[in-house]
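A short worksheet on the structure shown next.
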Amino acid sequence: QVQLVESGGGLVQAGGSLRLSCAASGSIFSINTMGWYRQAPGKQRELVATITSGGSTNYADSKKGRFTISRDNAKTTVYLQMYSLKPEDTAVYYCNAKNAFYDYWGQGTRVTVSS
């Protein structure tokens, strides 16, 4: 089992920045990829960015340049640094962890960008 706890969401004005954190615990040795997804009101959950255990990153095309995914050296915490936020970035952001068998999800952290 893997437990994920997100933090760092909140209300920010357009053009501002936020950093989200996701702390993983439990069977973290089994994780091969961690990432961030988001779900805006009335829309499907979508990929934001992922990072593998080897450090390779992948971003949804629309997020490149404004969002940066990173992790700590212990590989227990993943971060999402968001710059130049837009009202359309308003969503619940979910942390995800994958191993060979399961997808694990956090409870989500809400980001609201005001215009």
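Quick look at the numbers
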item	result
Sequence-distant lysines (8 or more away, or on other chains) whose Cα lies within less than 26 Å of residue 86	43, 63, 64
The chain: most fluctuating residue of 13, 44, 81 per GNM, C-alpha cutoff 10 Å	44
Along each principal axis, Cα extent of the range 41-81, largest first, Å	36, 19, 16
Translational diffusion coefficient (Stokes-Einstein; Kirkwood radius from C-alpha pairs) of the chain at 37 °C, 0.692 mPa s, in µm²/s	234
Length released on extending from residue 30 to residue 103, taking residue separation times 0.36 nm less the Cα-Cα span	25.1 nm
Dipole-positive endmost among 4, 14, 73 within the chain (Cβ charges, Cα centre)	14
For the range 87-108 versus the range 50-80, the gap between their alpha-carbon centres in whole angstrom	13
Å² per residue, accessible surface of the chain at 1.4 Å	53
Whole-Å semi-axes of the range 12-52's equivalent ellipsoid (Cα gyration tensor)	25, 15, 9
Rounded to the nearest 10 Å², the accessible area of residue 25 at probe 1.4 Å	50
Accessible area of the chain belonging to carbon and sulfur atoms, whole % at 1.4 Å probe	48
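The values are calculated or read from the model by the stated rules, or taken from the named source; none is laboratory data. All values derive from a computational prediction rather than experimental measurement. Here the Cβ is made from the backbone with ideal geometry for all residues, glycine too, and neighbour counts use every protein chain on show. The protein model used for the area step is the full one, side chains on, heavy atoms only, and it has no ligands, DNA or RNA in it. Shrake-Rupley method; radii C 1.70, N 1.55, O 1.52, S 1.80 Å.
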